[in-house]
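The values are calculated or read from the model by the stated rules, or taken from the named source; none is laboratory data. Predicted, not measured: the structure shown is a model, and the values here were computed from it. Here the Cβ positions follow ideal geometry from the backbone for every residue, glycine too, while neighbour counts run over all protein chains shown. Only protein heavy atoms, including side chains, enter the accessible area calculation; ligands, DNA and RNA are left aside. Shrake-Rupley method; radii C 1.70, N 1.55, O 1.52, S 1.80 Å.
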Amino acid sequence: CIRDRARPACSPTVPVPEETAPDLYRLVRDLADRLGVPAPSAIALTPDCDSWLEDRTHPAHGARGRRVRRGGRAGREAAAAAPVLVVGSPFLWWMRVAELRALLAPVVAGTGPSANPDIAAGPPL
């Protein structure tokens, strides 16, 4: 079945444990607090010159989202945790802290809509 083979494009990423980059996690949590959104569940690096939020509960990542109950009936699958913030490693090399903060602010702001159950339960794009 074609649907079984369809997968989103996945860039290579390397997880960054909080113990190895406490200042980066602090910066991201500060951004999330200031923006009034949930902090990403984790941070990962990619060689791409880009940053994005990645739902690691998507079946393409080999994980399953949990079922959400609404009004006594099962809803669509929703993320069990906040998305992972993927940061382009070149940004960490080239940017000052203020520049990195400005670059990541709109990306981190996206965790707010991802935590909204109505938006998370919406149709896939």
Output for Cβ contacts, cut-off 6 Å, separation at least six or different chains, first residue open to solvent by 80 Å² or more (accessible area, probe 1.4 Å) in region 94-120, second in a helix (DSSP H, G or I), reads Ile119/Pro113
Restricting region 13-62 to residues that are under 10 Å from Val87 (Cβ atoms) and polar (S, T, N, Q), the one most open to solvent (accessible area, probe 1.4 Å) turns out to be Thr13
